[in-house]
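*Asks:* Below is the structure I would like to discuss, written out as structure tokens.
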Number of protein chains: 2
Amino acid sequence: MKLDFSKGLIPAVIVEDETNDVLMLAYMNEEAFQKTLETKRTWFYSRSRGQLWNKGETSGHVQHVRSMYIDCDQDTLIVRVEQIGVACHTGEYSCFFTKIV
Amino acid sequence: MKLDFSKGLIPAVIVEDETNDVLMLAYMNEEAFQKTLETKRTWFYSRSRGQLWNKGETSGHVQHVRSMYIDCDQDTLIVRVEQIGVACHTGEYSCFFTKIV
């Protein structure tokens, strides 16, 4: 089963393995995906900076990859992780702390 | 708090409210987002067909919106739903039924 990068970057939904909570969403290109597989930590492609980044590299808030799933279209990932510290750069546990409805 | 559509379509992570499981990911433009708010059912924008679609319109497998969250960048949504039937067009409960790691 191969990921389909033909439509561009692939959204990766990051889920805390212990709680099943969605922590964040970030994007991977093929290189970020390969580095995530190799290192068992999460790598993403920053759309604003146009470069790869390794989650937690400066903050220490790394994500250890426990398992990965692709969807039926092979163009979205779920990455189940053990989150060290917090996922959000604001200091919140999850990036989804704002309820709108 | 306003959603930021400046980077294009917004990914919406659909979560089953009862179980906390991620069911699928689809994209919204501003119209799909507004219709989701108004109808309390999920509407998406199909990238391949270039048009709006209402989840479950033909299959009956609708999603009743329970709550919605935006992330710290205001460019990703979590929609917590009550899923009627199954989420995936393949007949699976979730679109993420393929484990790759």
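The values are calculated or read from the model by the stated rules, or taken from the named source; none is laboratory data. Fair warning: this is a prediction, and the values are worked out from it, not measured in the lab. For neighbour counting, all protein chains shown are included, and Cβ atoms are generated from backbone atoms with ideal geometry for every residue, glycine included. For the accessible areas, the whole protein counts, side chains as well, though only heavy atoms, and no ligand, DNA or RNA atoms are used. Shrake-Rupley method; radii C 1.70, N 1.55, O 1.52, S 1.80 Å.
*Asks:* All but one of (1) open to solvent by 10 Å² or more (accessible area, probe 1.4 Å); (2) of a type outside the set (Gly, Ala, Ser); (3) in contact (Cβ under 8 Å) with a residue 24 or more places away in the chain hold for B:LEU23; state the number of the condition that does not hold.
*Replies:* (1)
*Asks:* A further question follows. If we keep just the residues of region A:7-18 that are within 11 Å of chain B (Cβ to nearest Cβ) and surrounded by fewer than 16 Cβ atoms within 10 Å (Cβ to Cβ), which is modelled with the highest pLDDT?
*Replies:* Within region A:7-18, the match that is modelled with the highest pLDDT is A:GLY8.
*Asks:* Another question, if that's okay. Scan region A:59-67 and give yes if some residue there is at the interface with another protein chain (Cβ under 9 Å from one of its Cβ atoms), surrounded by 15 or more Cβ atoms within 10 Å (Cβ to Cβ) and out of contact with any helix residue (DSSP H, G or I) (no Cβ under 8 Å at 6 or more places or on another chain), otherwise no.
*Replies:* Looking only at region A:59-67, we keep the residues that are at the interface with another protein chain (Cβ under 9 Å from one of its Cβ atoms), and these are A:65-67.
Filter once more, keeping what is surrounded by 15 or more Cβ atoms within 10 Å (Cβ to Cβ): A:65-66.
So of that shortlist, the ones also out of contact with any helix residue (DSSP H, G or I) (no Cβ under 8 Å at 6 or more places or on another chain) come out as A:66.
Looking through region A:59-67, at least one residue is at the interface with another protein chain (Cβ under 9 Å from one of its Cβ atoms), surrounded by 15 or more Cβ atoms within 10 Å (Cβ to Cβ) and out of contact with any helix residue (DSSP H, G or I) (no Cβ under 8 Å at 6 or more places or on another chain).
*Asks:* Assess whether B:ASP21 counts as being more than 25 Å from A:GLY8 (Cβ to Cβ) and within 10 Å of another protein chain (Cβ to nearest Cβ).
*Replies:* yes
*Asks:* When region B:31-51 is examined, which residues are found to be more than 14 Å from B:ILE10 (Cβ to Cβ) and either among the aromatic types (Phe, Trp, Tyr) or open to solvent by 60 Å² or more (accessible area, probe 1.4 Å) (or both)?
*Replies:* Within region B:31-51, B:GLU38, B:THR39, B:LYS40, B:ARG41, B:SER48, B:ARG49, B:GLN51 meet the criteria.
*Asks:* What tally of residues in region A:88-101 results from selecting those that are closer than 15 Å to B:ILE70 by Cα and more than 8 Å from chain B (Cβ to nearest Cβ)?
*Replies:* Adding up the residues that qualify gives 2.
*Asks:* Exactly one condition in (1) surrounded by fewer than 17 Cβ atoms within 10 Å (Cβ to Cβ); (2) more than 9 Å from chain A (Cβ to nearest Cβ); (3) more than 23 Å from A:SER48 (Cβ to Cβ) is not met by B:GLN83; state its number.
*Replies:* In the conditions (1) surrounded by fewer than 17 Cβ atoms within 10 Å (Cβ to Cβ); (2) more than 9 Å from chain A (Cβ to nearest Cβ); (3) more than 23 Å from A:SER48 (Cβ to Cβ), B:GLN83 misses (1) alone.
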